1. I'd like the full set of residues that are touching a residue at least 60 places away in the same chain (Cβ under 8 Å) and among the aromatic types (Phe, Trp, Tyr), limited to segment 155-209.
2. Filter segment 35-48 for residues that are part of a loop (DSSP other than H, G, I, E, B) and surrounded by fewer than 16 Cβ atoms within 10 Å (Cβ to Cβ) and give the result.
3. Looking at Arg190, is it outside the structural domain of Ala106 (by TED's automatic domain parsing), more than 30 Å from Val112 (Cα to Cα), among the basic types (Lys, Arg) and in contact with a strand residue (DSSP E or B) (Cβ under 8 Å, 6 or more places away or on another chain)?
4. Restricting the search to segment 49-68, which residues are more than 18 Å from Arg80 (Cα to Cα) and surrounded by 14 or more Cβ atoms within 10 Å (Cβ to Cβ)?
5. Looking at segment 83-113, which of the residues that are surrounded by fewer than 17 Cβ atoms within 10 Å (Cβ to Cβ) and hydroxyl-bearing (Ser, Thr, Tyr) is nearest to Glu320 (Cα to Cα)?
6. Take the residues in segment 116-162 that are in contact with a Pro (Cβ under 9 Å, 6 or more places away or on another chain) and over 19 Å from Cys310 (Cβ atoms), then tell me which one is surrounded by the most Cβ atoms within 10 Å (Cβ to Cβ).
7. Please note which helices (runs of 4 or more DSSP H) are completely contained in segment 216-335 and include at least 2 residues that are modelled with pLDDT under 90.
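The values are calculated or read from the model by the stated rules, or taken from the named source; none is laboratory data. From a predicted model like this one, the values you see are computed outputs, not experimental measurements. Counting neighbours? That spans all protein chains shown, and the Cβs are built from the backbone with ideal geometry, glycine included.
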Amino acid sequence: MARDLAIDLGTANTLVYARGEGIVLNEPSVIALNSQTKDVLAMGHEAWQMIGRTPSYIVAVRPLRNGAITDFDVTQRMIRLLLQRVGVSRFNRPRVVICVPSAITAVERRAVTEAARRAGAADAQLIEQPMAAAIGANLPIHEPVGNMVIDIGGGTSEAALISLGGVVALEAVRVGSFDIDSTIQAFVRREYGIAIGERTAEEIKLTIGSAAPTEGEVRAEVRGRELMSGLPKTVVLTPGEIREAIDEPVTAMVDAVLTCLAQAPPELAQDLIVQGINLVGGGGMLRGLDRRIAEEAEVSVQLVETPLECVVLGAGRCIESYEAVKAMFLDNKGR
């Protein structure tokens, strides 16, 4: 019998949850192709290692950008490979729940479900990431209490206020941790005349990047190619200049939270003073981001225990209870 699956199809990473087993796959959303033959050479961690290191005829691409499909065919092939890796074949087609950003359009939603069905899913349903994140964080979303979730992903940032099982206020911007990486690349190129790759920029962000001053800050050596001479060169970067460089995308994320709070009804807004705000997503792990949001919003902010897996765990909980929900619905209908 086919297993029901939940897929968090992220811009940076893709996670798959199998019903009754938990998370069975966690890979970067990267696929390596031979541009001449169109053959798939690698996917996930193997393809991620190839970014910026391949000959001209091999391209390592991310088929999703800003939470939306940029290349339908490549995305379909990637989903098919994901399903194959977790044991799906044409004889056991699973039902799939896919987590998507709330910012994507109706056309982009249709593209995601169509890609999943063509890749081998018997049925594909979508769940918005903030709602899945709230379920994964064990928030009391079905109670008349304000629960706020901030999901900072690779391509999108979303702030959602949830009460009684629905979204009361929502603000989403197509700015994420990849925008921080590209801002770091642009800063090093502009200030030091050195070209660095996408992976190097991400390492700088993880090592010394921060949204607010933190204790124990250290400098980092960065190696790249000097634009004038074309020769390798090493420079030393400080946390302060990186913090200043990435201020624009970080400010956009914080502003989205403030805009969402401004839409909140007074009764739910006062709940947040007691409940606080929950921060999820890989981008939410940026040092000092929780403190900066807390200072500007004047509400406590806490990073959840499993920020990277929170969304797919929430979607997984939905498929675990699918039969029970269906049975309840049939019972009520029978009465």
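1. Result: Phe178, single match.
2. Ser35, Gln36, Thr37, Lys38, Asp39 - these are the residues of segment 35-48 that are part of a loop (DSSP other than H, G, I, E, B) and surrounded by fewer than 16 Cβ atoms within 10 Å (Cβ to Cβ).
3. Values: outside the structural domain of Ala106 (by TED's automatic domain parsing): yes; more than 30 Å from Val112 (Cα to Cα): yes; among the basic types (Lys, Arg): yes; in contact with a strand residue (DSSP E or B) (Cβ under 8 Å, 6 or more places away or on another chain): no.
Taking the combined requirement at face value, the residue does not satisfy it.
4. Gln49, Met50, Ile51, Thr54, Ile58, Val59, Arg65, Asn66, Gly67
5. Ser89
6. My answer is Ala121.
7. Numbers: elements: 239-245, 247-263, 266-275, 289-297, 310-320, 322-334.
Hits in segment 216-335: 266-275, 310-320, 322-334.
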